[in-house]
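Here is the structure we will look at.
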Amino acid sequence: KKSIAEESNAAGGAPKLKESSSITEHLESVFGQAIASAFPEFRDTPVIIAPVNSTSAKFGDYQCNNAMGLSKKLKEKGISKAPRDIATELKGHCPPSPLIEKLEIAGAGFVNVFLSKDYAASALSNLLRYGVEPPEVKKRRVLVDFSSPNIAKQMHVGHLRSTIIGESLCRLLEFLQHDVIRTNHLGDWGTQFGMLIAHLEDRFPNYLNESPPISDLQLFYKESKKRFDEDEEFKKRAYSRVVSLQKGVPNSIKAWELICNVSRKEFQTIYERLDISIKERGESFYQSRMLSVVEYLRGKGLLEEDEGRKIMWPDDTKTGIPLTIVKSDGGFTYDTSDMAAIRYRLEEELCDWIIYVVDAGQSTHFNTIFKAAERSTILNPLTHRVDHVQFGVVLGEDGKKFKTRSGDTVKLADLLDEGLKRSLLQLESRGRDKVLTPQELKDAQESLAYGCIKYSDLCHNRISDYIFSFDKMLEDRGNTAVYLLYTYTRICSIARNCGEDFSNLPEILKKTNIVLAHEKEWKLAKTLLKLHDILIKCSKELFLHFLCEFCFEVCTVFTEFYDSCYCIEKNKQGDIIAVNHSRILLCEATAAVLRQCFYILGLKPVSKM
Ligand code: ARG
């Protein structure tokens, strides 16, 4: 396979580029070289490349906007040069590139880039031949802390958001070839276990020999909490169980495990339904490391006495909110476990990037943890990257916090069931139950239900709150999973119904060239080739709605193409009289790009729907 690098060498000493870098990155390197050779004193100027959004073809496809900035810099040195002249010089110094058809100066001093059709056709052929390949990025070892519900408590819609966003981020980063560690920081430790264990001992005295039949752990939790609040003797015993648990007394450990297992099973069914893969490493894992991180912080002189507690300030100014590292009763807190966890992840798991996918309500907590980790030299901001990927709350259609009609928190299993019910109704309303086999119908139903729930979460800017509405997410128009999945199914059916076999694409590519003559063919090709830019942007900024918007754009641009370009011609009798191979290949390339994006977004396309 001919790489961009090889092609550009053939074109004569053009920038050496990795074959899979994105168009924007390629152009950054081209214009970076132009700046360096035309204005060596400004060689470090960051290159500004923007996609051209104008529908008018005369402005080209991308734009370099560095001329105005350079003009200012020259002025500061007493040299006056008009941006347009600078743009002209930049243009003259651009090394030849296989991606570029031509460069033009426009407006006050923009350099407009017109992409090469030959390059686009060959990039799409490669995509069909070898599959969608990831852009080249610097590899990192990244831990994604997501989902992370709490034992014995309801896994709520906030955890659902974390689960959905976290899973997609993992898929994105894995596709970019990072070394990804998926971690479930389960809330499985802490004082609440004292009362749970004490209650278990009373309710199921035989728990050591027989698994207790706790079906409703939330109820069990409520009961034990009530006793804890009302019964002094119980409260005392609960406290003593906390101590024995932390010491590792076998009976208490056993009771704790039994309780955790009940929750674990519940969480697992949700994960299976939503196709989530995650490895559990709960707070309990850090018990010994909490002891050692406390010693470590004490040794650095960072712990301060505060009414019996040991606190730590995030920085030397001693402002903001300090962390509580040791409680006055000697116990540890959420802060302690996160300090132990960040240290373990950076020093023992040797990660150089940690992503916490947790609701926005905890942003102060994470900012404090990050600062404290830096202050105690656990974290080195020059080599480590840490992100709190925060998200807003889920609201009901009334704009208030998402609750059931009776005001209770919504059980996730019930929510997924409701999604299944609604998506089946949607399919039936389209008469699909009459054409699909029972298995096909079931696949379509699940794909729709879970796809909608995930997509409606991912397609908004995660930072804002979002309104959960089955009616909205099941609409078949606009930027919804339904629209994308239907469009995808339609695209797949084109090659399937053209009367020829398009299953062996490399074979077909030997005989067929991709032609990008029609304006809409060209537009579709350029849209598809934005994929790498989008993936890089998503992974830099950790936002997935950019990818959703891209999918939507691909689908709408595809529809424009399909409406104006015949892929299959039929006569009046409806017989196929001609098949446009190049266009079928464009359909297949579109399907391949969508398939890859869908995978990252957790959407499962079905071939019939
Ligand atoms: N269990 C916590 C909660 O439900 C989330 C944990 C997030 N991860 C972390 N390292 N603190 O709020």
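Each reported figure results from applying straightforward, stated rules to the coordinates on display, with no laboratory input. Everything numeric in this text was worked out from a predicted model, so none of it was measured. So basically every Cβ, Gly included, is an ideal-geometry build from the backbone, and we count neighbours across all protein chains shown.
Annotations
- Taking residues in region 335-351 that are more than 23 Å from I321 (Cβ to Cβ) and assigned to a helix (DSSP H, G or I), and partners anywhere that are more than 10 Å from the ligand (Cβ to nearest atom) and not small (G, A, S), the pairs with Cβ atoms closer than 6 Å and at least 6 places apart or on different chains are Y344/R289.
- E507 falls short on exactly one of the conditions (1) surrounded by fewer than 15 Cβ atoms within 10 Å (Cβ to Cβ); (2) under 16 Å from V593 (Cα atoms); (3) of a type in the set (D, E), and that condition is (2).
- From the list V144, V132, the lone residue that is within 16 Å of the ligand (Cβ to nearest atom) and among the hydrophobic types (A, V, I, L, M, F, W, C) is V144.
- In the set (1) part of a helix (DSSP H, G or I); (2) free of Cβ contacts under 8 Å to residues at least 12 places away in the same chain; (3) touching a helix residue (DSSP H, G or I) at 6+ places or on another chain (Cβ under 9 Å), L297 fails one condition alone, (2).
- Residue satisfying all of: in region 560-575; exposed (fewer than 14 other Cβ atoms within 10 Å of the Cβ) and closer than 27 Å to L484 by Cα; nearest to the chain's Cα centre (by Cα) among these: D563
- Residue pairs whose Cβ atoms lie under 7 Å apart, separated by 6 or more positions or on different chains, with the first residue in region 422-435 and over 13 Å from A449 (Cβ atoms) and the second of a type outside the set (V, I, T) and part of a helix (DSSP H, G or I), are R432/L441; R432/A444; D433/L427; D433/L441.
- Among the residues listed as I584, I514, I600, the single one being among the aliphatic types (A, V, I, L, M) and out of contact with any Phe, Trp or Tyr (no Cβ under 7 Å at 6 or more places or on another chain): I514
- Boolean, T512 is within 29 Å of R477 (Cα to Cα), surrounded by 14 or more Cβ atoms within 10 Å (Cβ to Cβ) and among the polar types (S, T, N, Q): no
- In region 427-435 there is no residue matching the filter, namely being within 16 Å of the ligand (Cβ to nearest atom) and in contact with a Leu (Cβ under 7 Å, 6 or more places away or on another chain).
- In region 363-381, residue farthest from M312 (Cα to Cα) [restricted to those that are within 13 Å of the ligand (Cβ to nearest atom) and surrounded by fewer than 17 Cβ atoms within 10 Å (Cβ to Cβ)]: S363
- Residue within region 247-254 that is small (G, A, S), surrounded by 13 or more Cβ atoms within 10 Å (Cβ to Cβ), touching a residue at least 60 places away in the same chain (Cβ under 8 Å) and under 30 Å from S162 (Cβ atoms) present: no
- The residue of region 177-197 that is nearest to F391 (Cα to Cα), among those that are of a type in the set (A, V, I, L, M, F, W, C) and crowded, with 21+ Cβ neighbours inside 10 Å, is L186.
- The residues of region 331-359 that are within 12 Å of the ligand (Cβ to nearest atom), surrounded by fewer than 24 Cβ atoms within 10 Å (Cβ to Cβ) and farther than 18 Å from I181 by Cα, listed by number, are T333, Y334, D335, S337, D359.
- Enumerated helices (runs of 4 or more DSSP H) restricted to region 107-218, each holding at least 2 residues that are more than 19 Å from I253 (Cα to Cα): 117-130, 157-175
- For region 382-433, a residue qualifies if it is polar (S, T, N, Q) and either surrounded by 14 or more Cβ atoms within 10 Å (Cβ to Cβ) or closer than 23 Å to A481 by Cα (or both), and the qualifying residues are Q390, T409, S423, Q426, S429.
- When L217 is tested against (1) more than 16 Å from the ligand (Cβ to nearest atom); (2) farther than 26 Å from C548 by Cα, exactly one condition is not met: (1).
- Checklist (1) in contact (Cβ under 8 Å) with a residue 40 or more places away in the chain; (2) of a type in the set (D, E, K, R); (3) loosely packed, with under 15 Cβ neighbours inside 10 Å applied to E76, failing item: (1)
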